[in-house]
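Working notes, beginning with the structure itself.
The values are calculated or read from the model by the stated rules, or taken from the named source; none is laboratory data. This one's a predicted model, so the numbers in the text were calculated from it and none came from an experiment. Methodologically, a virtual Cβ is constructed for each residue, glycine included, from the backbone with ideal geometry; neighbour enumeration extends over all protein chains shown. Just the protein is used for accessible areas: all its heavy atoms, side chains included, with ligands, DNA and RNA removed. Shrake-Rupley method; radii C 1.70, N 1.55, O 1.52, S 1.80 Å.
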Amino acid sequence: MAIIGKDIDLAIKLLNEGEVIGIPTETVYGLAGNALNTDAVAKIFEVKNRPSFDPLIIHTNSIERFKDYISEIDTRVYDLAEKFMPGPLTLLLPRKDIIPDLVTSGLENVAIRIPQHPLTLELLSQLDYPLAAPSANPFGYISPTNTTHVNNQLGDKIKYILDGGDCQVGIESTIVGFVDDEAVVYRKGGLSIEDIEGVVGKVNVIEHSSSNPLAPGMLKSHYAPKKQLILLDNKKAINSEGKKIGYLGFQHYHPDIPAENQLLLSPNGDFREAAKHLFAYMRQLDSMEVDRIYTELLPEKELGRAVNDRIKRATIKD
Ligand code: TXA
Ligand code: MG
């Protein structure tokens, strides 16, 4: 198992040696390595068992440092960055040659973000390179929101996990790119579309399907627990067929299922709280004595949209 601790000096030493380590962010834990060192980047793909056509996000600690990695940034993009960075926003921007092809899968744009987490911001401020970091989970499984999740799944492959406690946002960053001057949301996430539209006006939101995975790796089936997760329309009656049923609800328990087999994302109906709990509760239900898990969607607004996106992807097996 990996060592879990708050030792930034040790984290820096390992990263300088080309190792990959677990790092906290406000969204989910990342599996981080030196983005400018192709051996370290290759190790990230290997540890995650991730196909190399799926590009990585780079992380840095300030907008001033973007100029080292990005070839141009217009004022509208700058406004967005100023308003929401650090925070759960990732921008797709034209990369400089210093960023290796392996990081972007050869694409012209690199995904870049500034995580809102004091420990990781401190770490990044002491490095002279950005960190490439996908979510610290095996490819296709649910993202980790605490050190135990990371250690359970990748602990035998990495040496160190920097402990930043529970992730406060709980779902991945919102990915925004620009096509012909129009802002495009490629992945819904911890920053709401309403917030982004408040700065750049109407955005185009890409809905993913398995026949239309626009960005590499953005496959429809993703973020999935191991047990079958089934979406239930409007609290319909459940045909359990003799199986033990679990339930992941938003505010209210399902009347047909024993309460001890149910988890509620936010009894008060708070979208932020629901996002924060989503992945941890999926894992908890996955480890409970139930054969299958039913779930429901949240109202389709604010962070409810990102939560619904993850639930829909997790309910599909393909
Ligand atoms: O919140 C987050 O974004 C977390 C934390 C650790 O920062 N990271 C994360 O990384 O979710 P990952 O690798 O699990 O998801 C990144 C997504 C992938 O679907 C990838 O295809 C897309 O971003 N992506 C990365 N670089 C890209 C690029 N240059 N062009 C298009 N899509 C890109
Ligand atoms: Mg991921």
Task: Amide H within-cut-off set for ASP163, under 5 Å, with H built and near neighbours excluded - done: GLY5, LYS6, ASP7
Open item on the list: Less than 18 Å apart at the alpha-carbon level, and either on another chain or at least 8 residues along: which aspartates and glutamates does that give for LYS43?
Closed with: GLU17, GLU19, ASP54, ASP101, ASP156
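On a 1.4 Å probe surface of the protein chains, which of THR38, THR174 comes out largest in accessible area, and what is the full order?
On the way: THR38 70, THR174 0 Å².
Correct descending sequence by accessible area is THR38, THR174.
Over the range 49-208, what is the relative contact order in percent, taking alpha-carbon pairs closer than 8 angstrom and at least six residues apart?
On the way: 255 pairs, mean separation 38.7, N = 160.
Result for the range 49-208 is 24 percent.
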- [ ] Can you tell me the relative contact order of the chain? Whole percent, Cα pairs under 8 Å, sequence separation 6 or more.
- [x] 20
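If the chain between GLU273 and ILE12 were fully stretched, how many nm would it gain, using 0.36 nm times the residue separation less the Cα-Cα distance?
Values: separation 261, 0.36 × 261 = 93.96 nm, distance 3.26 nm.
90.7 nm is the gain from fully extending GLU273 to ILE12.
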TODO: Treating the angle as unsigned and between 0 and 90°, give the value, to the nearest 10°, between the Cα long axis of helix 38-48 and the longest Cα principal axis of the chain.
DONE: 10
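For ASN49 and GLU197 in one chain, what is 0.36 nm times their gap in residues minus the Cα-Cα distance, to one decimal in nm? List each step's numbers first, then the result.
On the way: separation 148, 0.36 × 148 = 53.28 nm, distance 3.56 nm.
My answer for the length gained is 49.7 nm.
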Open item on the list: Given points 7 Å out from each Cα along the Cα-Cβ axis, report the LYS67 to ASN204 separation in nanometres with one decimal.
Closed with: 3.1
- [ ] Using only the alpha carbons, work out the radius of gyration and Dmax of the chain in angstrom.
- [x] 19.3, 60
Task: In Å², nearest 10: area of GLU207 left accessible to a 1.4 Å probe - done: 100
Task: Accessible area per residue in Å² at 1.4 Å probe, computed on the range 3-205 - done: 38
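Rounded to the nearest 500, what is the 222 nm mean residue ellipticity of the chain from helices alone, with -39500 (n - 2.57) per DSSP H run of 4+ residues and division by all residues? All intermediate terms of the calculation are to be shown ahead of the outcome.
Working: 9 runs with 86 residues, N = 318.
After summing the helix terms and dividing by residue count, I get -8000 deg cm²/dmol.
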Open item on the list: Solvent-accessible area of ILE98, probe 1.4 Å, all protein chains present, reported in Å² to the nearest ten, please.
Closed with: 90
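Take the cross-link list LYS226/LYS312; LYS159/LYS188; LYS202/LYS301 and give me the ones stretching past 20 Å between alpha-carbons. Walk me through the numbers before you get to the answer.
Values: LYS226/LYS312 15 Å; LYS159/LYS188 32 Å; LYS202/LYS301 15 Å.
Correct reply: LYS159/LYS188.
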Open item on the list: Taking θ = phi - 60°, what integer Hz values does the Karplus form 6.51 cos²θ - 1.76 cosθ + 1.60 yield along the range 126-138, in sequence order, with x for Gly and Pro?
Closed with: 9, 9, 9, 9, x, 9, 7, 8, x, 4, 8, 10, x
Open item on the list: Please compute the length gained on full extension between SER105 and GLN284, using 0.36 nm multiplied by the number of residues separating them and subtracting their Cα-Cα distance.
Closed with: 61.0 nm
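Run the accessible area of the chain with a 1.4 Å probe and give the carbon-and-sulfur part as a rounded percent. Show your work: numbers first, answer last.
Values: 6430 of 13550 Å².
Carbon with sulfur: 47 percent of the solvent-accessible area.
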TODO: Counting only DSSP beta bridges with both residues in the chain, tell me the antiparallel percent, nearest 5.
DONE: 45
TODO: Would you work out if the range 228-314 is rounded, prolate or oblate? Take a ≥ b ≥ c from the square roots of the eigenvalues of the alpha-carbon gyration tensor; rounded if a/c is under 1.5, else prolate when a/b is larger than b/c, oblate otherwise.
DONE: prolate
